[in-house]
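The values are calculated or read from the model by the stated rules, or taken from the named source; none is laboratory data. The structure presented is a predicted model; accordingly, all values stated were derived computationally and were not measured. Heads up, the Cβs are rebuilt from the backbone with ideal geometry, glycines too, and the neighbour counts pull from every protein chain shown.
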Amino acid sequence: MIHQINPLADPRWETFVERHPYSSIFHRSEWLEALRRTYGYTPVVYTTSAPHEELRNGLAFCAVTSWLTGKRLVSLPFSEHCDVLLDEDGTAPVLLDELSREQKDGKFSQIEFRPRRDFPGLDSGREPDENYCFHAIDLARDEKAIYSGFHKDCVQRKIKRADKEGLKYVEGRSRPMLGQFYNLFVQSRQRLRVPPQPFRWFQNVAECLGPAMQVRIALHGDQVAAGIITLQHQKTMVYKWGCADTRLNNLGGMPWLFWKIIREARDQGFVELDLGRSNWENEGLITFKDRLGGKRSSLNYWKYPQSTSRKSLLVGRVKRPAGWLLAQTPRPVFIAAGRVLYRHFG
């Protein structure tokens, strides 16, 4: 029998996530709560474990209800990956059958999986609906070995330049620091012609995750040269958001910040730096992660039923003809566009 639980109310979920080897920051109830507060998504976990039993498995989703993109189950919105947390008793096909039945009965128009690791019955012999390039850095190696893996000109030289320029490193999660990061983040997004997520999203992540979220900023005098937000869970540090002032790129702020993060993470016992996903057409970002020494792998997303999603069509319709317009839009309107749109596209 399949059961549904509320991971924000059932204390078994937090205990289960803490002990499962494939869990991530995106499974944690604090992340799910930030999604609920910001976008109104309803989290749900499907499991074969009865209410009185210890949790043995779980598929975490958020129900996304939108007049633009329909009523979908997404695992999980605004999360680069979300593994299905299984035991070893072959429960995956049973859970998938239940989800398929609900979709066919009209409860949801589509079900989306974003696992880092494929699981039995997921692909059904077909191609994934979306594919991304994923990078991670092995932090279990010697610090010198990690540094030697950096590109000599594009990373090592820039780290030395940043040291020479006397960049100042600060970290925290206060509202002023979030504001510093967000100002540069909006500037970067406008340059890329992609609306930013709302400021309250970053506030909610900071409030819900607490010390597991850190804003890291490189300052050149009073100017923010670069900023990164990291998340952490168990032995993994996650690079989630980053931005840089292109006028100060020659100072090497972004490579310098990554080197700071890598050394700090190693000192704290982390064994992996998750660099997240990149679109294959974003060659510049992929090359940058390559030059940091990130190891590539393929990240597949799956949708049931398989089709050209309304989300993809809408995003394309917004980006192609409106790219120039978004770049010229006044900042308050640009921010408001993100506030309106993102809850539909999670």
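Structure data summary
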{"quantity": "Residue tally, condition touching a His at 6+ places or on another chain (Cβ under 8 Å) and more than 22 Å from SER49 (Cβ to Cβ), over the stretch 74-124", "calculated": "2"}
{"quantity": "Only listed residue being within 16 Å of PRO115 (Cα to Cα) and touching a residue at least 24 places away in the same chain (Cβ under 8 Å), chosen from LEU55, LEU35, LEU76", "calculated": "LEU76"}
{"quantity": "Filter result (in contact with a Lys or Arg (Cβ under 9 Å, 6 or more places away or on another chain) and more than 19 Å from PHE185 (Cα to Cα)) within the stretch 222-260", "calculated": "HIS233, LYS260"}
{"quantity": "Selected residue (only one of GLN203, GLN214 is out of contact with any helix residue (DSSP H, G or I) (no Cβ under 6 Å at 6 or more places or on another chain), buried (at least 17 other Cβ atoms within 10 Å of the Cβ), of a type outside the set (Phe, Trp, Tyr) and part of a helix (DSSP H, G or I))", "calculated": "GLN203"}
{"quantity": "Qualifying residue in the stretch 50-66 (condition: outside the structural domain of GLY269 (by TED's automatic domain parsing), part of a loop (DSSP other than H, G, I, E, B) and modelled with pLDDT under 90)", "calculated": "no"}
{"quantity": "Leading residue by the ranking (surrounded by the most Cβ atoms within 10 Å (Cβ to Cβ)) among those in the stretch 66-106 that are basic (Lys, Arg) and touching a strand residue (DSSP E or B) at 6+ places or on another chain (Cβ under 8 Å)", "calculated": "ARG72"}
{"quantity": "Checking GLN268 against (1) farther than 21 Å from PHE134 by Cβ; (2) more than 19 Å from the chain's Cα centre (by Cα); (3) surrounded by 15 or more Cβ atoms within 10 Å (Cβ to Cβ); (4) not charged (D, E, K, R), the condition it does not meet", "calculated": "(3)"}
{"quantity": "Residue match in the stretch 152-161 (condition: aliphatic (A, V, I, L, M) and under 30 Å from ASN250 (Cβ atoms))", "calculated": "yes"}
{"quantity": "Qualifying residue in the stretch 303-321 (condition: in contact with an Asp or Glu (Cβ under 7 Å, 6 or more places away or on another chain), at pLDDT 55 or above and surrounded by 13 or more Cβ atoms within 10 Å (Cβ to Cβ))", "calculated": "yes"}
{"quantity": "Single residue of the stretch 110-134 satisfying the filter (surrounded by fewer than 16 Cβ atoms within 10 Å (Cβ to Cβ) and of a type in the set (S, T, N, Q)) that is modelled with the lowest pLDDT", "calculated": "SER124"}
{"quantity": "Odd one out for VAL155 among (1) of a type in the set (Val, Ile, Thr); (2) within 19 Å of ILE262 (Cα to Cα); (3) touching a strand residue (DSSP E or B) at 6+ places or on another chain (Cβ under 9 Å)", "calculated": "(3)"}
{"quantity": "Count - residues of the stretch 7-33 that are touching a strand residue (DSSP E or B) at 6+ places or on another chain (Cβ under 7 Å) and within 11 Å of VAL45 (Cβ to Cβ)", "calculated": "6"}
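To keep it simple, each residue is scored yes or no on (1) hydrophobic (A, V, I, L, M, F, W, C); (2) surrounded by fewer than 20 Cβ atoms within 10 Å (Cβ to Cβ); (3) farther than 26 Å from VAL340 by Cβ.
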site	(1), (2), (3)
ARG141	no, yes, yes
ARG157	no, yes, yes
LEU167	yes, no, yes
GLN197	no, no, no
ALA218	yes, no, yes
GLN234	no, yes, yes
GLY242	no, no, no
